[in-house]
Amino acid sequence: TGRVILGGAVNCDLGVSGPLVIEERNFDLFRVPRTWDEVWSGRAFRGGGQNFRAELMPGSQVQRYTVNWTEPNLFDLPYSLSVGGFLYTRQFRDWTEQRLGGRVALGYEITKDLAISSELRMEDVEIFDPRLAGIDQLDAALGSNDVYRGRWRLVHDTRDNPFMSTRGGM
């Protein structure tokens, strides 16, 4: 149910990066290990049906660090809860941008194939280290700016399996 992905990339636009992704699709936030044996045997933090994903991607021009947790059946009801946080830094040619934020989403399964959800995303966007001074638009954007975004989603998902589907659509 889990996987670890380790990679490396060289890109003319994004520079050199080395992502590490840790993902568990049968996570249990409340199954904290009591012994090292539970950690090494794989019984710690497993068995609850939750989803957990952490991504660490240091790089020369882009850095991204995210963590997300989802409970698909909150309180054994057709509600879902998803919480995540992120830190993203990108060095552009003329400035550096850093985004620090989080999101929370609450969903409801109307039928087996139809779900609705709402999400609130909050982030602090900081623009700094300009290469040139005196550019009005850039000077106005420098510093810290708060960004808030909300959205509603209606999803119709008829796939027979969300990971390796053989029929249906989304």
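Side notes on the structure shown:
- Heavy-atom accessible surface of the range 1-126, averaged per residue, reaches 63 Å², computed with a 1.4 Å probe.
- Taking the range 1-153 and dividing mean pair separation by its residue count, relative contact order in percent (alpha carbons under 8 Å, at least six apart): 14 percent
- Carbon/sulfur fraction of accessible area - the range 67-170, other protein chains in place, 1.4 Å, %: 56 percent
- As an equivalent ellipsoid, the range 93-170 spans semi-axes of 41, 15, 9 angstrom, where each value is the square root of five times an eigenvalue of the C-alpha gyration tensor, largest first.
- Each Lys and Arg contributes +1 and each Asp and Glu -1, all at the Cβ; summed about the Cα centre of the chain, the dipole is approximately 480 debye.
- Rounded Å value of the spacing that divides the Cα centres of the range 5-62 and the range 136-164: 22 Å
- Put simply, the C-alpha atoms of the range 70-121 give a gyration tensor, and the ellipsoid matching it has half-axes of 34, 11, 7 Å, longest first.
- Taking only Cα atoms of the chain, radius of gyration then Dmax in Å: 19.9, 60
The values are calculated or read from the model by the stated rules, or taken from the named source; none is laboratory data. Just so it is clear, the structure is predicted and the values come from calculations on it, not from any experiment. Note that each Cβ is placed from the backbone with ideal geometry, even for glycine, and that neighbours are counted across all protein chains shown. Keep in mind that these areas ignore ligands, DNA and RNA; they rest on the heavy atoms of the full protein, side chains included. Shrake-Rupley method; radii C 1.70, N 1.55, O 1.52, S 1.80 Å.
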